[in-house]
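K.L.:
The structure is given below, and queries will be raised subsequently.
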Amino acid sequence: MKDYYYFLGVQQNASDEDIKKAYRKLSLKYHPDKNENDQFFEARFREIQEAYELLSDRAQRKSYDQNLESSHRSFRYNIPPAIKSFSANKIHAKKGEEIIITWQTMNADVVKVLPFGLEKPYGERIFKITEFKEGKFQLLLHATNSLLQKTVVQGITISEVFETDGEKFREKAEELFKSQPSTPMNPWGRPKIMRILFAIILLALAVYFSVKSF
C-alpha cells in the first residue's frame with residue numbers, strides 16, 4: 001500500500017496546513033517544467049499530487065488512515081528487512097544507452113530505488129543514463145521496515161564508456177549503409193553505398209600518397 005505521508009515527507013498526525021505546506025514546497029521542487037521534463041521529476045511530481053489530493057480530503061484521509069493501519073498490522077514487522085537481489089544488465093555503458101535493473105526485497109514496507117524514488121518491493125525498471133558524474137552513475141536500493149526503523153541499502157555503480165573515433169565512424173557508416181534506398185538500378189540499395197565508401201577511401205589514399213611523394 002502506498003504511503004502518501006512518506007511521499008510528502010510528513011508524519012501521519014500532520015495537520016492540514018502541514019500537508020499543504022509540504023505539497024507546495026515539493027511541487028515547486030519537482031515540477032517538470034523546471035526540470036526539462038525529466039522522467040524522474042515527472043513521476044515524483046505525480047506521486048506528490050496523488051498524495052495531496054487524497055490527504056487534503058478529510059473523508060478520504062480518514063478512510064485511507066484506517067486502511068493504512070490495517071495494512072501495518074498485517075505486515076510482518078518483527079522481521080528485519082532484507083535485499084534478496086539487486087542487479088543491472090550491464091555495469092559499463094555509454095551515455096544514452098539503455099539499462100535494465102531488477103530487484104527483490106523482503107519484509108520491507110518502504111522501498112526506494114534512487115535516483116528514481118519509491119518502488120514496489122520487487123520489480124524491473126528500464127532507463128537511459130543521460131548524465132554521468134565523474135564517469136560514474138550510482139544506483140541505490142533502500143529497503144525499510146518502518147516499524148523497526150531499520151533500513152538496508154545496496155548499491156550498483158555503472159561506469160561510463162566513451163566512444164572511440166573508430167566506433168563513431170563505423171556507426172555512421174552502418175547508418176548510411178542501412179539507409180541507402182533501393183532503386184531499379186540498385187534494387188538492394190547496399191552495393192551502391194559500398195561503392196561510394198570505397199571510392200572515398202581510395203580517393204583519400206590517392207591524395208595522401210600524392211602529397212607524400214612531394
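The values are calculated or read from the model by the stated rules, or taken from the named source; none is laboratory data. Keep in mind the model is a prediction, meaning the values are calculated, not measured. Cβ placement follows ideal geometry from the backbone for every residue including glycine, while neighbour counts extend to all protein chains displayed. Just so you know, the surface numbers come from the protein's heavy atoms only, side chains and all, with ligands and any DNA or RNA stripped out. Shrake-Rupley method; radii C 1.70, N 1.55, O 1.52, S 1.80 Å.
K.L.:
Could you give me the residue pairs with C-beta distances under 7 Å whose first residue belongs to region 1-20 and is modelled with pLDDT of 90 or more, whose second residue is in a loop (DSSP other than H, G, I, E, B) and β-branched (Val, Ile, Thr) wherever it lies, and which are 6+ apart or on separate chains?
P.N.:
Matching pairs, first to second residue: Asp18/Val10; Ile19/Val10.
K.L.:
Part of a helix (DSSP H, G or I) and under 18 Å from the mean Cα position of the chain (by Cα): does that describe Glu17? Steps first, please.
P.N.:
Values: part of a helix (DSSP H, G or I): yes; under 18 Å from the mean Cα position of the chain (by Cα): no.
No, not satisfied.
K.L.:
Among the strands (runs of 3 or more DSSP E) contained in region 77-151, which hold 2 or more residues that are more than 22 Å from Tyr4 (Cα to Cα)?
P.N.:
Details: elements: 82-88, 98-106, 110-114, 117-119, 122-128, 136-145.
Once the strands (runs of 3 or more DSSP E) in region 77-151 are filtered for at least 2 residues that are more than 22 Å from Tyr4 (Cα to Cα), what remains is 82-88, 98-106, 122-128, 136-145.
K.L.:
Restricting to region 33-59, name every residue that is among the polar types (S, T, N, Q) and either in contact (Cβ under 8 Å) with a residue 12 or more places away in the chain or surrounded by 14 or more Cβ atoms within 10 Å (Cβ to Cβ) (or both). Even if it seems obvious, please write down each step before you answer.
P.N.:
If we filter region 33-59 for residues that are among the polar types (S, T, N, Q), which is where we start, we get 35, 37, 39, 49, 56.
Listed by number, the residues that qualify are Asn35, Gln39, Gln49, Ser56.
K.L.:
If you don't mind, there's one more thing I want to ask. Pairs, please: C-beta under 6 Å, at least 6 apart or cross-chain, first residue of a type in the set (Phe, Trp, Tyr) and in region 83-100, second open to solvent by 60 Å² or more (accessible area, probe 1.4 Å) and assigned to a strand (DSSP E or B)?
P.N.:
Between residues of region 83-100 that are of a type in the set (Phe, Trp, Tyr) and residues that are open to solvent by 60 Å² or more (accessible area, probe 1.4 Å) and assigned to a strand (DSSP E or B), the close pairs are Phe86/Gln154.
K.L.:
If you check Tyr52 against the conditions, is it at pLDDT below 90, touching a helix residue (DSSP H, G or I) at 6+ places or on another chain (Cβ under 6 Å) and of a type in the set (Ser, Thr, Tyr)?
P.N.:
no
K.L.:
Please state which one of Tyr122, Tyr30 is open to solvent by less than 90 Å² (accessible area, probe 1.4 Å) and on the phi < 0 side of the Ramachandran plot.
P.N.:
Working: Tyr122 fails: open to solvent by less than 90 Å² (accessible area, probe 1.4 Å).
Checking each option against the conditions leaves just Tyr30.
K.L.:
Separate question: Restricting the search to region 64-102, which residues are small (Gly, Ala, Ser), surrounded by 12 or more Cβ atoms within 10 Å (Cβ to Cβ) and modelled with pLDDT of 90 or more? Walk me through it before giving the result.
P.N.:
Keep residues of region 64-102 that are small (Gly, Ala, Ser), which gives 70-71, 74, 82, 85, 87-88, 93, 96.
Next, from what is left, pick out any that are surrounded by 12 or more Cβ atoms within 10 Å (Cβ to Cβ): 71, 82, 87-88, 93.
Listed by number, the residues that qualify are Ala82, Ser87, Ala88, Ala93.
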